[in-house]
Amino acid sequence: MEVQKPPRITYSHLLDSVKSVLNLEKGIFFTLKEFAFYPGRAAENYLFGDRKRFMDPIKLLILTTSIATFITLSFVDMTEGMKAAFYYSESANSVPKEFIEEVGILFQKYYNLLYLSMVPCIAFFAWAIYKSKGWYFAEHLAIAMYISSVVNGISILSIPFLLYDFSIGTTIILAFQFPYLWFCYHKIFKEDWQISFGKSTLILFLGLFVSSMFSWFLAGCYIGYRMAAEGAL
């Protein structure tokens, strides 16, 4: 039996691929547009309606995180932010500067993975706080991925502030991230603005706290290992 060969790649085929990417009726731009401006409708359609028009949340999150990380780290030196954080720490005097710089380099190298670790934290606390809604954790995780994908776009826009001052830049990112998260959960679960405000505040605070503690725990382990190894020499 003769195996049917796939069609040859032509300019028309490539043009169709470009059109599918730029299509505002489905795919990446449609997904980002819907979750940026109509998160309630988007979540309803993706979870309980026609999800074929939406880009897969895992693929979208990985793509937007990779783009945001590449652009951010092309302009912003994360090691300076680490130095500033340790400068205000009580243990700064006991940690050699070269170790702090090494941790900053590691944070910069694996920045995208550290950022991704925040997504399941946000999803977990959203699941716990909105448990009465009957959503599965996986459904909260998918929506958290979409929300984080939109936030990636916000982080790119904050690059000028990060260049000016790292702490100011991160504060501005959070200043935009929280109202958007509040807006999303208000539209998705259709609760009063005041109730949504309290729940969104708790979700973001707990999610950032747990993911930050995880990052600093890894940094502490690395510094402890380096100091122990240095002392053994």
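All of the numbers you see were taken from the coordinates with simple rules; none came from a lab. Just so it is clear, the structure is predicted and the values come from calculations on it, not from any experiment. Counting neighbours? That spans all protein chains shown, and the Cβs are built from the backbone with ideal geometry, glycine included.
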Long pairs among 131/199; 52/133; 33/187; 33/133; 133/199, criterion Cα-Cα beyond 19 Å:
52/133; 33/133
Contour minus Cα-Cα distance for residue 66 and residue 218 (0.36 nm per residue):
52.6 nm
Under 12 Å from a label point 7 Å along Cα→Cβ of residue 202: give me every residue in segment 112-143 with its amide N that close.
125-132
Extending each Cα 7 Å along its Cβ direction at residue 156 and residue 195, get the distance between those two points in nm, one decimal.
3.6
